[in-house]
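Here the structure is laid out as structure tokens; the discussion comes afterwards.
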Amino acid sequence: MGMQKLPVGIAGVSLGEAERTVPDGEAPPLPPNDKLRLIGKSTPRWNGREKVTGAVRYATDIALPGMLHAHLLRAPLPHAHIRAIDTSAAERHPGVRAVLVVIGPNGIGGTASVSALEGVEATRRAEQPVVLYAGAAVAALAALTPQAAEEAARLIRVEYEPLPFVVDMDDARVTNAPVVFEKLDVQPGFGAASLIAPGLPLKGNVRGPAGDGRGDIAIGEAAAEVTVEGEYRTQIQSHCCLEPHGIVADWRADGLTVWISTQFTAGVREELARTFGLPLSRVRVIVDAMGGGFGSKSTLGYYGRIGVALSRQAGAPVRLVLDRHEEQIDSGFRPATWQRLRIGARRDGTLTAISLTSYGTAGTALGAGVGNVAQRMYDCANFAGQHYDVFINAGPGCAMRAPGAVPGAFALEQAIDELAEKLQIDPLALRDRIDPSPARREERRIGAELIGWSRRHPPGAEPGPIKTGLGVGQSLWGANVQTNAACEVRVLRDGSVEVRSSVQDIGTGIGTVLAQVVAEELGLRPEEIVVRIGDTDFPAGPPSYGSRTTASITPPARNAAWQVCRNLCALAALALKTAPEDMVARDGHIVSQSDPSRGMTFREAAALMRTEQIAVLASRADDYAGFRSRMRDAALAQDDLGGVQFAAVTVDTETGQVRVERVVAVHDCGRPMNPRQIESQVQGGVLQGLGYALLEQRVYDRHTGHIVNADLEQYKLPGPHELPEIDIRLIENYQGASSTDAYGVAEPACIATAPAIANAIYNALGVRLRALPMNRAAILSALAAGRG
């Protein structure tokens, strides 16, 4: 341990230095990006050429000798007892090699435990097992061909006893609604269940409340001179991953190997070992490439357990991949929410009280909250929040890009704008008074200038049917870190270099960033670094969710590379008869700092090794300033990730058509490692936020319990016609927290978009929309009602 000075603050605004206690073995502090050769530069993707030429292998591309193809039989009813299942005819099919009952007395792990109930296990131990939603997997089989598997599945006979059901959150909350669960047994650590403490009361379909608070809300509300209050609704949003959920499982006597589309290879390995009673040493998880997850591929999933169980039974590899319809009905979703938000303030804008009540539904799962943006975005001494989960007969929801924060910001940021209008203060000026984040203050300044905020007109002031508006929304997301994250750097005697970790590249480019980090330390080019990731035979890497990957894996990568470089420098110094501390790696050479004419090439230095390689394994240390609990304190939230977005819209009041013309997105992620890749993530976040704001909506038939738009034709996503101009700016916001001081950006990129668009629509129309999606019907209805 030792004290070192690290850069802290916003580059070009408030950059200074702070002393930190740095553990032994950590690389020395990096200077700001403008002093670096590779880090902070837009290096091309390490596997970009392979992706565009089709050379990379996704899980769906894996084809093993003797591989079987799985098919799932799904329930046609939204709620039913299963009286009997007859699989005998399917078992006799000549192409079938394995048959499993998934929900039933003889199902894998017992009633419902391997069904799609992520996070919740029904303990309604009736004689007949229970189907809880239409599309739930009831049975599965593996056959020689996909056609044989589908044909055999039609031979399975299931006798159902229909039960009353409910697929609407409002309907589920009424006293006499059909009950989804008579009793719950929360399984901590599985999916959304771990987000809410066990032991909360269940009344009908409503579980809760889970509460949070600080100060005295009654005192805060009494001190308020101005109050705004509103109800806000957000809809279910589907992940719509380009690559479907899937697994190829190969169970053998000496161990299990799976190829799976996952955001967490090490986590899936642990789940498999635990579920099937295997030692970790006999489980291998591989993901060469991924085509999107957005939170839905964070765990093994029911399909993963079924695929492995079929492979074990059949004694052969099994491929199980969901089709597009299955993706829409049973691969998770962002929960729907209802919020009542009340904010009190003094006339100078000082917030005195924030009160939030929310209900959310994740179908048959838990964790449908609205995040903690209301608690933490703005300075307010008094906060009170209550959240309730509402169960409906729908497939289980799960985490989706910035879970909770996206619906939470939609409500909060509109309420702050409404408060500003009531106080007759510009929305940006009010945020300058109540937002403690210096990063967001600078982001507001940059964004306002780019969008032309000074030209913003009063709400609904323009004449004619075509109206324009400007709006703003802000993001807040935790600077998350996974300490169980390791990386190995190897230099071989011929001078070749490898970086190895099980961390997966889900399309965000972490492999490229690792190459940049290692090349920066070793004085090489990124293309000279061999990147080996996405395989649990390598050191355990962090998950790719929660915007934590870069913060978790780049420090150990740099530290390992630095230690390897020190070893090489010592070898070179011995040969040159100089001091090791005088040697540095630069431009493919190991040279003397005091006399650059003395040195050798990197390859020549590597050839001096007595063994075949120098290898160093490093793990993620704690943040230098320590990990702080920021969950309830807005003053500490300034250390987290921000982001401010501005939207310019055009609204046709005759047709209800909303056109987002331009989005200005200004974001921070500590030290930006690769601007082009960060911009790509921000663009994707904006587009997902735009779809959430204007288009996407899952529709259930209340009479049948089925989703009526379970495809990508009727479930609307943004297309080329809807794409706005997206102007992205990044700021360098150094925290002095690790050897790279880098963080993620995926979550903050989509938090601010919907509220920015909503506030822009209000500015255009003078009518406020508090429910999503803000589609044509919603616009015309709001105009007709004239409500604000």
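The values are calculated or read from the model by the stated rules, or taken from the named source; none is laboratory data. Worth saying up front: this structure is predicted, and the values here are computed from it rather than measured. Cβ sites come from the backbone with ideal geometry, for glycine too, and all protein chains shown count toward neighbours. The area values use the complete protein model at the heavy-atom level, side chains included, leaving out ligands, DNA and RNA. Shrake-Rupley method; radii C 1.70, N 1.55, O 1.52, S 1.80 Å.
Observations on the structure shown:
- Listed by position, the strands (runs of 3 or more DSSP E) contained in the range 169-268 that have at least 3 residues being under 30 Å from Gln424 (Cβ atoms), at pLDDT 95 or above and of a type in the set (Ser, Thr, Tyr) are 226-234.
- Some residue of the range 685-698 being in contact with a Lys or Arg (Cβ under 7 Å, 6 or more places away or on another chain), assigned to a loop (DSSP other than H, G, I, E, B) and not polar (S, T, N, Q): yes
- Per the listing Glu498, Glu488, Glu521, Glu527, the residue uniquely over 23 Å from Arg671 (Cα atoms) and either open to solvent by less than 20 Å² (accessible area, probe 1.4 Å) or touching a residue at least 12 places away in the same chain (Cβ under 8 Å) (or both) is Glu498.
- Exactly one residue out of Ala316, Ala362 is under 23 Å from the mean Cα position of the chain (by Cα), open to solvent by less than 20 Å² (accessible area, probe 1.4 Å) and either among the aliphatic types (A, V, I, L, M) or at pLDDT below 95 (or both): that is Ala362.
- Within this structure, Asp61 passes the test of being modelled with pLDDT of 95 or more, under 26 Å from Cys398 (Cβ atoms) and open to solvent by 20 Å² or more (accessible area, probe 1.4 Å).
- If only residues of the range 370-389 that are touching a Pro at 6+ places or on another chain (Cβ under 8 Å) and closer than 27 Å to Ala172 by Cβ are counted, the one that is most open to solvent (accessible area, probe 1.4 Å) is Gln386.
- Summed over the range 260-285, the residues that are among the hydrophobic types (A, V, I, L, M, F, W, C) and under 20 Å from the mean Cα position of the chain (by Cα) give a count of 4.
- Output for the range 408-429, where each listed residue is open to solvent by 20 Å² or more (accessible area, probe 1.4 Å) and assigned to a helix (DSSP H, G or I): Glu418, Glu421, Lys422, Leu423, Ala429
- Neighbours by Cβ (under 6 Å, 6+ apart or cross-chain): first from the range 284-295, within 23 Å of Gln328 (Cα to Cα) and of a type in the set (A, V, I, L, M, F, W, C); second outside any loop (DSSP other than H, G, I, E, B) and modelled with pLDDT of 95 or more: Val287/Thr265
- Residue within the range 262-270 that is buried (at least 24 other Cβ atoms within 10 Å of the Cβ), of a type in the set (Phe, Trp, Tyr) and in contact (Cβ under 8 Å) with a residue 60 or more places away in the chain present: yes
- Complete set of residues in the range 242-261 that are over 18 Å from Leu320 (Cβ atoms) and either out of contact with any strand residue (DSSP E or B) (no Cβ under 7 Å at 6 or more places or on another chain) or open to solvent by 20 Å² or more (accessible area, probe 1.4 Å) (or both): Leu242, Ala253, Asp254
- Annotation note: Cβ proximity below 6 Å between a residue of the range 1-16 that is more than 13 Å from Asp668 (Cβ to Cβ) and open to solvent by less than 60 Å² (accessible area, probe 1.4 Å) and a residue that is small (Gly, Ala, Ser) and modelled with pLDDT of 90 or more (sequence gap 6+ or interchain) occurs for Leu6/Gly736; Val8/Gly16; Val8/Ala18; Val8/Gly736; Gly16/Gly9.
- Hits in the range 564-607 (condition: in contact (Cβ under 8 Å) with a residue 60 or more places away in the chain, open to solvent by 30 Å² or more (accessible area, probe 1.4 Å) and of a type in the set (Gly, Ala, Ser)): Ala607
- Subset tally (residues that are over 28 Å from Val651 (Cβ atoms) and surrounded by fewer than 24 Cβ atoms within 10 Å (Cβ to Cβ)) for the range 709-733: 5
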